[in-house]
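Let me begin by presenting the structure, written as structure tokens, before commenting on it.
The values are calculated or read from the model by the stated rules, or taken from the named source; none is laboratory data. Predicted, not measured: the structure shown is a model, and the values here were computed from it. Neighbour counts are summed over all protein chains in view; Cβ atoms, including those assigned to glycine, are modelled from backbone coordinates with ideal geometry. Remember, those area values only see protein heavy atoms, side chains included, never the ligands or the DNA or RNA. Shrake-Rupley method; radii C 1.70, N 1.55, O 1.52, S 1.80 Å.
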Amino acid sequence: GQDISAMSSTARAAFRSKNVGFVFQMFHLLPYLTVLDNVLVAADNTDMEATTQRATELLEQFSLQDRLLHRPGQLSAGERQRVAMARALLPQPRLLLADEPTGNLDPENAAAVLQLLQQFHAQGGTILLVTHDEQAASHAARTIILSAGKLADESPATATAPEG
């Protein structure tokens with residue numbers, strides 16, 4: 001309901017930081033910060049005690065509770081991706097933009113990430129997921145397939161994503 005194009009660049013940045021979570025394929029973690037601090041980068045600096053507790057809980061959901069004080073260089077690619085997911089979810093965005101969020105994960109961790117994405121969706125969040133992984137795509141309520149930059153196929157939107 002807001003015309004984002006009419007906002008100032010500062011207002012757009014504030015809107016994005018509050019409403020949009022980003023999960024990049026290459027993580028974009030800060031190498032000199034710990035796992036916990038990398039997640040807290042997304043904090044709005046209000047009630048840092050509660051925000052730190054939420055960050056810790058998210059990292060536990062991603063099975064990273066033993067890695068809170070590690071730096072990104074001490075993590076596997078899959079662990080880095082899960083830190084990036086926790087960072088994106090910390091501010092409780094309305095929209096999550098995810099580029100290959102399961103691309104660096106083993107099947108067990110990919111399933112866990114997809115389960116957490118389903119929970120985010122069930123709580124009212126919207127996810128735009130770019131993937132080559134058919135398993136990840138099978139969880140979508142709507143699928144758009146691009147080939148050579150053109151629309152190749154589209155599934156109709158459904159109310160909820162399939163279970164599984």
**Item:** Mean-position separation - Cα centroids, region 27-48 and region 58-86, in angstrom
**Value:** 12 Å
**Item:** Which labelled figure in (i) 26, 21, 15; (ii) 24, 20, 14; (iii) 39, 21, 18 is semi-axes √(5λ) of the Cα gyration tensor in Å, once derived from the coordinates
**Value:** (i)
**Message:** Please list, ordered by chain and number, the residues whose modelled amide H lies under 5 Å from the amide H of L75; skip anything fewer than 5 residues away on the same chain.
**Reply:** none
**Request:** Towards the positive end of the charge dipole of the chain, with charges on Cβ (+1 Lys, Arg; -1 Asp, Glu), say which of P101, F22, L75 has the farthest Cα.
**Result:** F22
**Fill in**
In debye to the nearest 20, the charge dipole size for the chain, taken about the Cα centre with +1 at each Lys and Arg Cβ and -1 at each Asp and Glu Cβ, equals 480 debye
**Fill in**
For I144 and Q92, extending 7 Å from Cα along the Cα-Cβ vector and measuring point to point gives, in nm, a value of 2.9 nm
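Counting helices only, and only those DSSP H runs with n ≥ 4, report the 222 nm mean residue ellipticity of the chain as the sum of -39,500 (n - 2.57) divided by its residues, in deg cm²/dmol to the nearest 500.
Working: 6 runs with 64 residues, N = 164.
After summing the helix terms and dividing by residue count, I get -11500 deg cm²/dmol.
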**Message:** Let me cross-check D47: its accessible surface, 1.4 Å probe, with only protein heavy atoms counted, in Å² to the nearest 10?
**Reply:** 100 Å²
**Request:** Describe numerically, in nm with one decimal, the distance between label points set 7 Å from Cα along Cα→Cβ at A6 and at D153.
**Result:** 4.1 nm
**Asked** Accessible area per residue of region 4-158 at 1.4 Å probe, in Å²?
**Response** 59 Å²
